Every structure is written in C-alpha cells, then in structure tokens.
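Q: There's a structure below that I have some questions on.
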C-alpha cells in the first residue's frame, strides 16, 4: 500500500547565500501510513515546524521530495493546491488567526475556498463544529466573544471542515488548562476515527504523545534522530534527556530505579508501570 505521505531526503536551508544562512532540515526521510497517529517531538529549533510546513506545500524543499499518495506535491500548481486542502495544518495558537464576524463564517472560510456548494459548505461547517464541541448557538456569535479554549476549537474546526486526509497540529493544547487539553485531544482522536484520517501532532507533552501516538518522530539539530513506537523511543530515555527533551514522569521514575541497579523494563504509561511492578514483585517472591 502506498503511504499517504512520504518524505525523501528532505533538506531546507533558509537565506541561502546570505550571512543569515541556516540549515533547518538535513536529509530527513520517513513514511506515514493512512490512519496513523504520529507524534513529533524535539527541542526548540530542532526543525519540527519547518518540517510541518513542507508537508502541505507552505515551504518548498531546498532539495528532496514530499510525496502525497505517491505524487510529488510540487509536480505542478494543481498538485500543490490540492495538497494544501488534503493536508490540513493547524499552527500553534491558531485562535490568533480568527478574523470573521461569526464562528460559522470562520469555519466556512476554507470550504468556500475549495469551491464547494453552499449546501456542502453548510454540512461541513456543522459537522466540524460537532467534532470540536461547538454548539449551534455558538455558530452565530463572534469568535472574539469566546473563551481561549473555545477559540482554539473554532480554529481547529476551520481546518477540519476542509476534511483533510492528513491533519497536522503544532502544539494544539499549548496554554490550555488540563480539562481544555483533554477536550482538544479527544476532539482530534474523534476526527481521526470518523474519517480514518492521519494525525501528525507536534507536542512538548511527552505524556500526551506517549499515550496517543502510534509512532514518534524525534527531531534533533535539523535531522531525524529517532523513528519508532513510543516503547522503542522511550527505551532511549537517557539519549532523549541528552537532547534536552523531557520524558514521561513515570519513565523518569523507572530510569532512576535502573540507575539504582534495579532491573526494570522501559515504561511510559501507568498501565505499563503497574505491570512492571507486578513482574518485579513476582521475581522477588521466587528469588
């Protein structure tokens, strides 16, 4: 099966030939299958945001390719335009990009630009609003009268309304309280399940990506340093810490146990921790 996205030897250099020349991506390659939930982690300046902007054609590679369903998104203008609808990108703090008079109009902006009929636009607006918990009454109010968390939902709904096959989110829960964070993550997961969509989420919350992602991409100094399941990636907790990254608190606890000479396996969820504690107890009982 052809991957929904394939990145091949991607390089990006900003301000080539000037004193400000900067390598933002170095030989990045990976594939993403349809329906996967990919978490993307890395320290500030590691290349995460630059990578995301290549996946729907906002940035053009200095060299290398981005393929969508096996076709280069830069093959022609039509292909590039289609990529921007098929791969939806939600920037960090997207609520600052709201501008329309009503929530309905803001969510409808993308579908209208796709040239859809009024009936189809209306269907998509109402369905997208439902995914993120925006009520019928809220559709007719100004987005600027909403709370911060509600504005975030509206902004995400505006991208979901285009029904992208790949939804990319850059720190979608930044600045939200715990309840708001869980609501947004639940909304994203509901969209993935309903549309069999691919999700790629940049996050500094190791607990969130450990719990939700099928795979993790770890960016470090403009390169892809790791690509694997959360179990595989967090097994290298010490290396992640050396990169300046955080690790789940439960992983940090079990890493300390390893340093104390207690033989434990890689752990990054409470469920795994309970299972590991039971295993250690059983071993000690038979010792």
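Since every read-out is calculated from the coordinates, none of them should be taken as a lab result. This one's a predicted model, so the numbers in the text were calculated from it and none came from an experiment. Counting neighbours? That spans all protein chains shown, and the Cβs are built from the backbone with ideal geometry, glycine included.
Q: As a test of the formula, what do you get for the chain when each DSSP H run with n ≥ 4 contributes -39,500 (n - 2.57) and the sum is divided by the residue count, at 222 nm and rounded to the nearest 500 deg cm²/dmol?
A: -12500 deg cm²/dmol
Q: With percent of Cα pairs over 34 Å apart defined as stated, name the option among (1) 27; (2) 13; (3) 23 computed from the structure displayed.
A: (1)
Q: What is the gain in length, in nm to one decimal, between residue 136 and residue 231 on full extension, counting 0.36 nm per residue of separation less the C-alpha to C-alpha distance?
A: Value of the extension gain: 30.1 nm.
Q: Rounded to whole Å and ordered largest first, report the semi-axes of the equivalent ellipsoid of the range 147-258 derived from its Cα gyration tensor (root of 5λ).
A: 28, 16, 13
Q: If you build a Gaussian network model of the chain, linking Cα atoms that sit under 10 Å apart, which residue out of 141, 159, 66 swings the most?
A: In this elastic network of the chain, the residue with the biggest mean-square fluctuation among 141, 159, 66 is 141.
Q: Roughly how many nanometres apart are two label points built 7 Å out from the Cα toward the Cβ at residue 147 and residue 65?
A: 4.8
Q: Just subtract the alpha-carbon distance of residue 239 and residue 81 from 0.36 nm times their residue separation and send over the number in nm, one decimal.
A: Extra length from residue 239 to residue 81 when fully extended: 52.9 nm.
Q: What is the angle, in °, between the Cα long axis of helix 178-195 and the longest principal axis of the Cα atoms in the chain? Nearest 10 is fine, range 0 to 90.
A: Tilt of helix 178-195: around 70 degrees.
Q: Which shape class, rounded, prolate or oblate, goes with the range 91-158 when its Cα gyration tensor gives a ≥ b ≥ c as root eigenvalues, a/c under 1.5 marks rounded, and past that a/b bigger than b/c marks prolate?
A: Cα axes put the range 91-158 in the prolate bin.
Q: Separation between the residue 119 and residue 100 pseudo-spin-labels, each 7 Å from Cα along Cα→Cβ, expressed in nm?
A: Simple spin-label model gives 2.0 nm for this pair.
Q: Note the full-extension length gain between residue 34 and residue 2 as 0.36 nm times their separation in residues minus their Cα-Cα distance, in nm to one decimal.
A: Gain on stretching residue 34 to residue 2: 10.6 nm.
Q: Against the longest principal axis of the chain, how steep is helix 148-160, in degrees 0 to 90 to the nearest 10, with axes from Cα atoms?
A: With rounding to tens, the tilt is 70 degrees.
Q: What nm value, rounded to one decimal, do you get for the distance between residue 27 and residue 275 when each label is placed 7 Å out toward the C-beta?
A: Result: 3.6 nm between the two label points.
Q: I've got another one for you. Calculate the tail of P(r) for the range 1-137: the fraction of all Cα-Cα distances greater than 25 Å, expressed in %.
A: The proportion of pairs with Cα distances above 25 Å equals 40 percent.
Q: While we're here: Cα centroids of the range 106-174 and the range 179-234: how far apart, whole angstrom?
A: Using only Cα atoms, the two centres lie 21 Å from each other.
Q: Angle check, please: helix 249-259 long axis (alpha carbons) against the longest principal axis of the chain (alpha carbons), in degrees 0 to 90, nearest 10.
A: 30
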